[in-house]
Ligand SMILES: Cc1cc2nc3c(=O)[nH]c(=O)nc-3n(C[C@H](O)[C@H](O)[C@H](O)COP(=O)(O)OP(=O)(O)OC[C@H]3O[C@@H](n4cnc5c(N)ncnc54)[C@H](O)[C@@H]3O)c2cc1C
């Protein structure tokens, strides 16, 4: 749950958390243990969900089609392995098309991993994006392992559907401008929120709740408070973003609260260091825009970047780390043995050691007519929060890396069609094999290779794009509702001292990169993550040669925290023998 948004003690069920309507449906399709499964589902969830069970896959598909036609909301479908393989073997695919928001799981027996055909079915279904994961059939009543899996799915479903109790509702006149800024702050602070236009049905209902004097954009908080055209400070307060500093000096200041910064905060604070983390937005960095990270150790079902960040943030808070959000660090210098960091509001904080974890941001496309529509159909990164608004729409994604592939698969659950526009000749060079497989298997994802976007625009919102096919030397104008730009990263190092050593792309040199570099001025060798400024460490995507993965950023954050002690002892050693520790 989004702890950054609202402290647990004041949480309560929001009046607007779920619009009144029929109960969402849990569906079980199983030929082997249907009675057990539906009995357990009904006993545990029967009050909030309608449970439907089918022994016959054809009947299940008919009922799911009817539910779709009637506008019924399906939260979870559990399909037994033999039911999934019955008929044309495409039941799970049909379900995905009919109910893109529903979580889908294969229902398997306890010996699934030792039974080769079942193990193969699980792997293939996951790789091809047909299921979110698998669930073991209940073995006893109650079976808490079964319920833990079901509850996890329902929580993810509720988060994606903005049905978690602390959801902030935003109503705007259009998709861009101030309404977009509001959405972006909430996205970056990992606060559950949804957005609708004032002239939509939901917008009108919410505006009626907000009262006659509400001015757009309007924010309706979970406790019912209404904020008209809120200021940055009001937004920060609503997002629960810490904005005050208790102290001005810390043993360690970490710049950036992405995976590397959060990890450094957890490890440094857990070792008793006085730590401040400053971020220009909120938590999660790039990972916050990832709808599903499937390759992070220990999360077999995958985990959304924002959920991972929320858990890490809580962990760091519990160890005593302090946070300051919505503040950019604009300068770094050193005097009298302390580093001084200037914040965007003019204040300074000081630290004995600085860990830079400012990561990277997506390169701009540089097409003016598209830049004008950022927030109104054009997005940098792949914000998962935009997905439900794209149901049945035409979505384009520029980029051929893992993040572009992941975004394509996520949006394919909602969109009519997703088209990837890739500059290279194929996806192979830049994307993991498992994603390429899933993209090939997704019926509504197309890949245009050797292609670029050269123009586009629309009235108030993106409506068309101009694509260029390099091989055919041809330009085509296509209708488009959304464009997501994921075309490689630029390091966030512009604000750092000019003499801090970087590679030709601006990523920071650290450790071994500096051993023979004239920029390194001390006799001792640089520590593994130390930059050319002794006492300043770097972790994660900001580093030259970094792997650009969450796990790598997290690992480096933990190593950086460890190196803080080494720096302290180097300082003490040098002080005792009178050796200079700064250039
Ligand atoms: C859509 C998407 C999907 C991805 N999917 C995966 C995946 O499936 N698996 C995987 O392993 N990796 C994935 N990645 C990559 C992964 O997210 C990054 O490698 C990781 O987030 C890097 O972490 P970081 O902490 O180094 O930097 P970042 O995540 O970039 O965080 C940097 C933070 O620093 C802050 N910041 C920047 N400048 C300043 C400043 N001057 N002052 C204060 N704060 C500042 C930013 O606001 C940001 O919060 C994905 C990335 C994206 C965008």
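Can you give the FRET efficiency to the nearest 0.05 for residue 314 and residue 124, using r as the Cβ-Cβ distance and R₀ = 22 Å? After rounding, the FRET efficiency stands at 0.05. The value of relative contact order for the chain, using C-alpha pairs under 8 Å at least six residues apart, is 12 percent. Calculate, for residue 88 and residue 155, the FRET efficiency according to 1/(1 + (r/R0)^6) with r their C-beta to C-beta distance and R0 30 Å; round to the nearest 0.05. Calculated transfer efficiency: 0.40.
Residue separation times 0.36 nm, minus the C-alpha to C-alpha distance between residue 515 and residue 202: what's the value?
So the chain would gain 106.6 nm between residue 515 and residue 202.
Which of rounded, prolate or oblate describes the chain when judged by the alpha-carbon gyration tensor and an a/c cut-off of 1.5? Cα axes put the chain in the prolate bin.
Remark: spin-label model distance residue 345-residue 426 equals 5.3 nm, labels positioned 7 Å along the Cα→Cβ axis. Where both bridge residues fall in the range 229-358, DSSP classifies roughly 45% of the beta bridges as antiparallel.
Seen against the Cα atoms of the chain and their longest principal axis, helix 201-210 is set at about 60 degrees.
Can you list the residues of the range 412-439 with backbone N under 16 Å from a point 7 Å past the Cα of residue 469, pointing along Cα to Cβ? Within reach of a label on residue 469, which here means backbone N under 16 Å from a point 7 Å along Cα→Cβ, the range 412-439 contributes 419-426. Taken as Cα centroids, the range 496-535 and the range 317-334 sit 23 Å apart, rounded to the nearest whole angstrom.
With respect to the chain, whose longest principal axis is taken over its alpha-carbon atoms, helix 550-577 is tilted by about 20°. DSSP beta bridges confined to the chain are antiparallel in about 35 percent of cases.
For the pair the range 393-464 / the range 40-115, the C-alpha centres are spaced 28 Å from each other.
Tell me, in nm to one decimal, what length is gained between residue 490 and residue 297 on full extension, where the rule is 0.36 nm per residue of separation less the Cα-Cα distance?
66.9 nm
Can you classify the range 368-487 as rounded, prolate or oblate using the Cα gyration tensor, where a ≥ b ≥ c are the square roots of its eigenvalues, rounded means a/c under 1.5, and otherwise it's prolate if a/b beats b/c and oblate if not? It is oblate, given that a/c is not under 1.5 and a/b is not larger than b/c. Relative to the dominant Cα principal axis of the chain, helix 177-188 is inclined by about 80°. Each of residue 229 and residue 389 was given a label point 7 Å from its Cα along the Cα-to-Cβ line. The distance between the two points is 2.0 nm. With the simple spin-label model, which puts each label point 7 Å out from Cα in the Cβ direction, the residue 569 to residue 523 separation comes to 1.9 nm. Once every DSSP H run of n ≥ 4 in the chain is given -39500 (n - 2.57) and the sum is divided by its residues, what mean residue ellipticity at 222 nm do you get, rounded to the nearest 500 deg cm²/dmol? Rounded to the nearest 500, the figure is -9000 deg cm²/dmol. Take every DSSP beta bridge with both residues inside the range 368-487 and express the antiparallel ones as a percent of the total, to the nearest 5. Beta bridges within the range 368-487, antiparallel portion: roughly 40 percent.
Based on the alpha-carbon gyration tensor of the range 102-149 and its eigenvalue square roots a ≥ b ≥ c, which shape applies: rounded if a/c is under 1.5, prolate if not and a/b is larger than b/c, or oblate? Each step should come with its number before you reach the end.
On the way: a/c = 3.53, a/b = 1.36, b/c = 2.59.
Oblate shape, in that a/c is at least 1.5 and b/c is the bigger or equal ratio.
One decimal place: the segment residue 368-residue 58 gains 106.5 nm when fully extended, by the rule 0.36 nm per residue minus the C-alpha distance.
Just so you know, all these numbers are worked out from the coordinates, no wet-lab data involved. Everything numeric here is computed off the predicted structure, so don't read it as measured data. All Cβ positions, glycine included, derive from the backbone under ideal geometry; neighbour counts span all protein chains shown.
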